[in-house]
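Only one structure is covered here, and it is reproduced in the block below.
The values are calculated or read from the model by the stated rules, or taken from the named source; none is laboratory data. From a predicted model like this one, the values you see are computed outputs, not experimental measurements. A quick note on method: Cβ atoms are made from the backbone with ideal geometry, for glycine too, and the neighbour counts reach across all protein chains shown. With ligands, DNA and RNA removed, areas are computed over all heavy atoms of the protein, side chains included. Shrake-Rupley method; radii C 1.70, N 1.55, O 1.52, S 1.80 Å.
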Amino acid sequence: MTSNVPEPIDPRQLRVSDNEREQVAERLREAAGEGRIGLDELEDRITAVYTAKTYAELEPITRDLPAGTGAAPSAAPAARPRGRWRVGGKPRRRKTFVLMGGSDNKGAWVVPKSYIAFAMMGGIELDLREAEYEAMEVTINASCIMGGIEIIVPEGLNVQVHGFGFMGGYSGTPVGPVDPGAPTVHVRGFALMGGVDVKRKPPRQPKKKDELTGNRHGHHGNRGEIEG
């Protein structure tokens, strides 16, 4: 007597999601920053991540790396706004990938707890001077290959830069007094034959066109940008 019960599916043959690929790619960037893998190997492994279709193809890429320790407890209470800092907003996007193009985020956009900015042969500008924050502590993973990323931060914001450059430049932590009630922004990543620049600037002066149209969500994407 034959059975009509279908054979169970091997979980390793199930398809992976874009979010799961991003988590593995971020672990690889952390490993490179810790000196566990070199830049050439990082590029090869990230390419393998984005071409992986199943868990069986994704799992071996980080098999020789320890698990990441950067995840924060999800049950922690939401932080409340302090002074001029606006905290607790809901982000509209969590990543920006640019290939041979350009993109910028400026105005009253919300910086998520974890934001990925990656530019290859292109440029990204992130202006935080009028930004809100999803939490009191956020991380911007800013990396580029033969491209550039500029991050503009307001006076008083607590900024900690942890990136490194190879045949390129990665900015250090910008100087200046820090507001005790300000959110903390960690900037991590790498620059390969490119540059990541983090600097403080005074408040942006509104343009007349902005005042007339009320356009406060100034994300502008150009050719080569993959939204996320």
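Numbers at a glance
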| item | result |
| --- | --- |
| Condition check for Val138: hydrophobic (A, V, I, L, M, F, W, C), more than 23 Å from Val24 (Cα to Cα) and at pLDDT 90 or above | no |
| Given (1) touching a residue at least 40 places away in the same chain (Cβ under 8 Å); (2) open to solvent by less than 50 Å² (accessible area, probe 1.4 Å), number of the condition Arg129 does not satisfy | (2) |
| Matching residues in region 171-204 - criterion: being closer than 22 Å to Pro112 by Cβ and free of Cβ contacts under 8 Å to residues at least 40 places away in the same chain | Ser171, Thr173, Pro174, Val178 |
| Residue check, Ile151 in contact (Cβ under 8 Å) with a residue 60 or more places away in the chain and among the aliphatic types (A, V, I, L, M) | no |
| Matching strands (runs of 3 or more DSSP E) fully within region 132-190 where at least 2 residues are open to solvent by less than 50 Å² (accessible area, probe 1.4 Å), out of contact with any Pro (no Cβ under 8 Å at 6 or more places or on another chain) and of a type in the set (Lys, Arg) | none |
| Given (1) surrounded by 22 or more Cβ atoms within 10 Å (Cβ to Cβ); (2) at pLDDT below 85, index of the condition Arg216 fails | (1) |
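Yes or no, residue by residue, for (1) basic (Lys, Arg); (2) over 15 Å from Thr184 (Cα atoms):
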position: Lys113; (1), (2): yes, no
position: Glu134; (1), (2): no, no
position: Glu150; (1), (2): no, yes
position: Gly156; (1), (2): no, no
